[in-house]
Amino acid sequence: MNIFPKQIKTNLFRKKTIHFKGVFNLVFLYKLLMGLGKMVKINSNYDKLAAGYLFPEIAKRTKAFLSANPGVSVMKLGIGNTTEPLTKTTLNGLRMGVEKLASVETYTGYGDEQGNTALREAIAKKYSDYNVEIDPSEVFVSDGAKPDSGNIQSIFSQDAIIAVQDPAYPVYVDTNVIAGRTGENENGLYKGIVYMSCSEENNFFPTVPRARVDLIYLCSPNNPTGAVATHEQLKKFVDYALENKAVIIFDSAYAEYISDPTLPRSIYEIKGAKECAIELNSFSKSAGFTGVRLGWSIVPKNLVTEDSVAGKVNALWNRRQTTFFNGASNIVQDGGLAVLSIEGQEENKKVIDYYMENAKIIREGLESIGIKCFGGVNAPYIWMKTPNGLTSWEFFDKLLNECHVVGTPGSGFGPGGEGYFRLSAFGHKENIEKAVSEIKNKLKVEE
Ligand code: PGU
């Protein structure tokens with residue numbers, strides 16, 4: 001019901017506006033005078049971050065060790081960085097991408113921000129391997145799973161409660177800290193984040209949170225523990241998400257490393273996941289694209305949140321990407337298309353087998369000297385218990401100083417990683433063998 005007659009209403013509001021404007025000008029002038037000499041402020045959420053980003057920190061310490069020990073060379077089993085050359089078919093795809101830029105008929109400039117149609121279709125088709133139907137409009141091509149896993153939080157509300165596996169790939173937590181969704185860090189834990197413990201007791205896969213959470217980050221095969229979630233374990237999370245109207249961000253960057261056919265390689269293999277899960281994946285580890293850069297996200301049209309209908313979250317991610325991102329390199333997308341061809345898949349499977357042979361060498365070598373190991377079977381990471389009761393960083397120093405091997409301290413992935421250490425299977429076989437033999441010869445493991 002309209003309680004003001006039309007004329008009175010307009011006058012009232014006009015008067016109010018004039019009055020408001022005057023006050024506003026005074027406030028503005030006051031602020032201007034008081035603010036003279038003051039400068040722009042930083043995003044102080046960055047100050048909440050407990051330490052520098054994990055991998056540059058390791059690189060810094062390695063560099064310091066090398067400059068203090070001239071002539072010594074170290075074996076790097078730290079960052080999960082691919083080392084083997086691209087396959088023939090992949091290279092042909094990339095070369096074709098370059099060639100297309102050489103003539104006016106095939107030249108392309110900016111492409112679709114969401115990715116080239118052919119690549120989106122090929123990625124969608126890949127999901128039929130898992131008996132999952134994905135529409136190309138649900139596929140967003142990107143420059144990698146790291147940017148996607150960092151950016152995806154921006155389409156959810158500021159007060160969303162975040163749940164992460166502990167330990168976890170540090171990007172999930174750090175980007176939510178930067179976005180202002182947490183309090184301060186206390187004893188390694190950020191206030192406001194729900195940490196889902198992954199330990200030996202639960203085979204490094206958590207149970208669903210007891211409290212209600214909004215966004216759940218899951219990574220399988222897991223970085224850093226190498227654990228792979230079963231259908232049953234994922235189903236519990238999908239059921240939880242559907243019941244609580246939560247969204248799962250499922251990072252499957254290492255899906256191609258699963259050789260056990262009974263294990264799920266996509267969360268969409270679980271019934272109902274298309275209503276509650278976003279999946280992230282990458283060509284980095286499956287095709288040696290860590291430096292080339294290409295990845296994708298799947299945002300199903302059926303995904304809903306408490307305040308949105310089907311299609312809205314997909315549209316938001318589209319809006320985000322079209323605003324902030326100008327599409328992956330056209331050359332690289334041609335490379336990606338070649339990777340997804342039958343020949344490309346066969347060739348890259350051999351490279352994955354090569355890295356997994358490294359994983360076996362590391363795991364068996366460590367176990368032979370009494371070190372307890374996890375992972376390394378359907379994942380390229382070996383998650384070992386630090387021997388002799390050392391903390392993760394103490395063991396990092398010991399391994400570097402005594403064996404000249406660089407690894408990643410478990411505590412860098414969250415407090416649940418303390419007392420553990422990650423070794424990466426990415427590397428040349430000779431280097432891996434040398435590292436393992438140094439560890440076997442020089443590391444004294446007490447009972
Ligand atoms: N998701 C997970 C779970 C990862 O482990 C990594 C790489 C990525 C995403 C990144 O994928 P891109 O497609 O290459 O962006 N983890 C490596 C590298 C470290 C890093 O900072 O990304 C690692 O050693 O953990």
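What to note about this one:
- If you go through segment 431-447 and keep only what is β-branched (V, I, T) and assigned to a loop (DSSP other than H, G, I, E, B), you end up with just V445.
To keep it simple, each residue is scored yes or no on (1) crowded, with 23+ Cβ neighbours inside 10 Å; (2) of a type in the set (K, R); (3) within 13 Å of the ligand (Cβ to nearest atom).
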| site | (1), (2), (3) |
| --- | --- |
| C219 | yes, no, yes |
| N222 | yes, no, yes |
| T225 | yes, no, yes |
| Q233 | no, no, no |
| K236 | no, yes, no |
| N244 | no, no, no |
| A253 | yes, no, yes |
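- Count of segment 103-113 residues, restricted to those that are exposed (fewer than 10 other Cβ atoms within 10 Å of the Cβ) and among the polar types (S, T, N, Q), is 1.
- Some residue of segment 211-225 being closer than 21 Å to I42 by Cα and assigned to a loop (DSSP other than H, G, I, E, B): no
- Restricted to segment 374-397, and to residues there that are buried (at least 19 other Cβ atoms within 10 Å of the Cβ) and free of Cβ contacts under 8 Å to residues at least 40 places away in the same chain, the residue that is farthest from N223 (Cα to Cα) is F395.
- Residues of segment 295-316 satisfying the condition of being within 16 Å of the ligand (Cβ to nearest atom), of a type outside the set (S, T, N, Q) and in contact with a Ser or Thr (Cβ under 7 Å, 6 or more places away or on another chain): G295, W296
- Residues in segment 302-348 that are over 26 Å from Q153 (Cα atoms), free of Cβ contacts under 8 Å to residues at least 60 places away in the same chain and of a type outside the set (S, T, N, Q): 2 in all.
- Residue in segment 190-203 that is at pLDDT 95 or above, more than 16 Å from the ligand (Cβ to nearest atom), of a type in the set (D, E, K, R) and in contact with a Ser or Thr (Cβ under 8 Å, 6 or more places away or on another chain) present: yes
- Condition broken by K271, with the remaining ones in (1) in contact (Cβ under 8 Å) with a residue 60 or more places away in the chain; (2) away from the ligand (no atom under 13 Å from the Cβ); (3) over 27 Å from N176 (Cβ atoms) satisfied: (1)
- Residue in segment 94-102 that is of a type in the set (A, V, I, L, M, F, W, C) and surrounded by 16 or more Cβ atoms within 10 Å (Cβ to Cβ) present: yes
- From the list A64, A68, the one residue that fits, being under 20 Å from G412 (Cβ atoms), among the hydrophobic types (A, V, I, L, M, F, W, C), more than 11 Å from the ligand (Cβ to nearest atom) and without any contact (Cβ under 8 Å) to a residue 24 or more places away in the chain, is A64.
- Where A118 falls short, out of the listed (1) assigned to a helix (DSSP H, G or I); (2) within 16 Å of the ligand (Cβ to nearest atom): (2)
- Pairs, first under 20 Å from K63 (Cβ atoms) and in a strand (DSSP E or B) in segment 403-430, second basic (K, R) and within 13 Å of the ligand (Cβ to nearest atom), C-beta under 6 Å, six or more apart: V406/K76; T408/R422
- Here I161 meets the list (1) more than 16 Å from the ligand (Cβ to nearest atom); (2) hydrophobic (A, V, I, L, M, F, W, C); (3) in contact with a helix residue (DSSP H, G or I) (Cβ under 9 Å, 6 or more places away or on another chain) almost entirely, failing just condition (3).
- Condition met for E364 (part of a helix (DSSP H, G or I), modelled with pLDDT of 95 or more and exposed (fewer than 14 other Cβ atoms within 10 Å of the Cβ)): yes
- Boolean, E201 is more than 24 Å from G344 (Cα to Cα), in a helix (DSSP H, G or I), acidic (D, E) and free of Cβ contacts under 8 Å to residues at least 60 places away in the same chain: yes
- Residues in segment 317-336 that are surrounded by fewer than 20 Cβ atoms within 10 Å (Cβ to Cβ) and either within 10 Å of T90 (Cβ to Cβ) or among the basic types (K, R) (or both): R319, R320.
- Matching residues in segment 44-71 - criterion: being outside any helix (DSSP H, G or I), out of contact with any strand residue (DSSP E or B) (no Cβ under 6 Å at 6 or more places or on another chain) and surrounded by 10 or more Cβ atoms within 10 Å (Cβ to Cβ): L49, A51, G52, Y53, N69
- Qualifying residue in segment 141-157 (condition: part of a loop (DSSP other than H, G, I, E, B), within 16 Å of the ligand (Cβ to nearest atom) and not polar (S, T, N, Q)): yes
- Segment 274-292, subset more than 10 Å from the ligand (Cβ to nearest atom) and farther than 19 Å from L218 by Cα, residue surrounded by the fewest Cβ atoms within 10 Å (Cβ to Cβ): G288
The values are calculated or read from the model by the stated rules, or taken from the named source; none is laboratory data. Please read all numbers here as calculations on a predicted model, not as lab measurements. Neighbour counts run over all protein chains shown; Cβ positions are idealised from the backbone, glycine included.
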